[in-house]
Amino acid sequence: MTLVAFFLLGYEIISYYFFRPPQQTQTAQKPQESQSKAEAEKEPKEPSSLPQLMLGTTREKHPSGEVLSFEFEGFSVKVSTNGGKIVSLVDTQFGFDLITEAEKRLNVYPLEIYTGDPQIDYDLNFSPYKVEKKDNRLILTYEKDGKKLVKEITFKDYYMELKVESNLGRSFYVLVGTHPFEASFYTHEGPVLKINGEVIRIDKDDVEGKQSFEGFIEFAGEESRYFFKGFKGKIERVVIDKVRYKPEGEDGEKEITFTYVQYKEPMILYMGAKYYSRLREIGLSDLLDWGMLKIIVKPLFIFMYWVYEHTGSWIVSIVILTFLLRVVFFPLNYKSMTSMMKLQEAAPRLEKIRKKYKDDPVKMQEEMMKLYSEIGFNPMSGCLPILVQIPVFFALYKVLIITVDLKLSGMLWIPSLADKDPYYILPVIMGLTMILQQKVTPNPDPKQNLIMYISAVAFTFLFASFPSGLVLYWTVNNILNIAQNYLIKNFMLKKKA
């Protein structure tokens, strides 16, 4: 089991850095030549150029202006009258502000509008807006020199709808913003979109300047491990822009991305946690990062979520799934245990062979294989159960990493299963179960026990910073493995003998 724990760490790092989904950079297509001039005049003009954030010169001169606060079911919102922008949006269920420190520091906020015309963009994003609240709607209105633009945000239970109307005579982009800031734990953070049926997660290091995506886009935005902000609807084009900023209190600069979507018609605006029950209702469940082992991860997640919805407890869900996995792999573990016990009984004879043929490795190997055949031991039987279970353990590890629901689930002294144990009690219990597990597991070479005990201590320190949900799973798994080994060794094999 220690071997599995070791591979768990490598899996996420390797899969994130070496198996990221490929990018599909696409360029804008020219309009059809068959379109008549009259028809072309009816269509809004395309933006004359890609969006420009106006950083470094213009933007810094314009503070947010008056900030108005509003409360809606599930949301706490602050809106700037200058530019009609969202300067704070808190998902009240999780107490998390989707507007990042970088956006506030750069004075760049979601719902900014970009037409490609510098003067129009300047007016739209830094001029005063009239802000009205009507029932569950916020109406942000800009009027100047005959130009008018209205942003209407309708707040639903856990998402919003954005409708923008204007007489500008041209299409435009709406700014999503940058990704929410939180601990990534080797998960993706940055732009994500579903284009032509495929979900693409883009690493900021792969973005050079501005990058454009065009096609059938179902959703697009910026994600972190647990949160997402972006749009779902009829989207034809997405632009990703990489910029640098200096975090407060730090010496160096960081690179982040900003995402824009081209507006065609009213869209769903989702700014909140990647809560499966929410995403499922509005067709955004593909936002969950299933990883390389999607074929295993997704069914495991759906089963655990089903248990959670019927029991109301993620602790019960973790325990039940762990128990079922032990039952499924019981035949393999039984075979491994019987083989190891045979080898343990033959240990004195193996030691004699090693001493007798220490100067003849070839002959030593021949005699050892004869002994293995005589006692019915297969050298692969000890490794096979671990090798078969590794993909499942990887998948379960991924499930527990991406499940935001764990943030709201606590256990005794642990406030959130998504965070580490504040008192490190659970990792210590896990380490003790690893030591006890080694004591009840047959080992033909007692000298190896010391190595395993040292490994248990090392993994205790390693798991101390892991999410408590993961440590809980590993602890329960160790306890069930101890019980299983004790049952096999002291009852089933004795009865058979």
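Side notes on the structure shown:
- Applying the set (1) at pLDDT below 85; (2) under 29 Å from Asp289 (Cβ atoms); (3) surrounded by fewer than 17 Cβ atoms within 10 Å (Cβ to Cβ) to Asn490 leaves exactly one unmet item: (2).
Each row is one residue, and each column tells you yes or no for (1) closer than 26 Å to Phe94 by Cα; (2) modelled with pLDDT under 95; (3) among the hydrophobic types (A, V, I, L, M, F, W, C).
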site: Lys204; (1), (2), (3): no, yes, no
site: Ser212; (1), (2), (3): no, yes, no
site: Gly215; (1), (2), (3): no, yes, no
site: Gly221; (1), (2), (3): yes, no, no
site: Arg225; (1), (2), (3): yes, yes, no
site: Phe228; (1), (2), (3): yes, no, yes
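- Annotation: Gly312 fulfils all but one of (1) over 21 Å from Arg278 (Cα atoms); (2) free of Cβ contacts under 8 Å to residues at least 12 places away in the same chain; the unmet one is (1).
- Single unsatisfied condition, Thr441 versus (1) farther than 16 Å from Ile315 by Cα; (2) at pLDDT 85 or above: (2)
- Scope the range 183-217; condition surrounded by fewer than 20 Cβ atoms within 10 Å (Cβ to Cβ) and without any contact (Cβ under 8 Å) to a residue 60 or more places away in the chain; matching residues: Ala183, Ser184, Gly197, Lys204, Asp205, Val207, Glu208, Gly209, Phe216
- Within the range 188-207, considering residues that are of a type in the set (A, V, I, L, M) and outside any strand (DSSP E or B), the one nearest to Tyr226 (Cα to Cα): Ile202
- Close contacts from the range 418-442, counting a first residue that is over 26 Å from Tyr334 (Cβ atoms) and a second that is small (Gly, Ala, Ser) and surrounded by fewer than 19 Cβ atoms within 10 Å (Cβ to Cβ), with Cβ to Cβ under 6 Å and a gap of 6+ residues or different chains, come to Lys420/Ser465; Tyr424/Ala464; Pro427/Ala464.
- Taken as a whole, the condition of being touching a strand residue (DSSP E or B) at 6+ places or on another chain (Cβ under 9 Å) and either assigned by TED's automatic domain parsing to the domain that holds His188 or not polar (S, T, N, Q) (or both) applies to Ile282.
- Tally of residues being closer than 21 Å to Glu101 by Cβ and modelled with pLDDT under 95 across the range 258-270: 0
Conditions (1) touching a Leu at 6+ places or on another chain (Cβ under 7 Å); (2) surrounded by fewer than 16 Cβ atoms within 10 Å (Cβ to Cβ), marked per residue:
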position: Ile282; (1), (2): no, yes
position: Leu287; (1), (2): yes, no
position: Pro299; (1), (2): no, yes
position: Tyr308; (1), (2): no, no
position: Gly312; (1), (2): no, yes
position: Val319; (1), (2): no, no
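- Residue match in the range 121-128 (condition: charged (D, E, K, R) and modelled with pLDDT of 90 or more): yes
- Taking the criterion of being at pLDDT 90 or above, under 13 Å from Pro391 (Cα atoms) and not in a helix (DSSP H, G or I), no residue of the range 291-325 qualifies.
The values are calculated or read from the model by the stated rules, or taken from the named source; none is laboratory data. What you see is a predicted model; the values in this text were computed from it and never measured. Cβ sites come from the backbone with ideal geometry, for glycine too, and all protein chains shown count toward neighbours.
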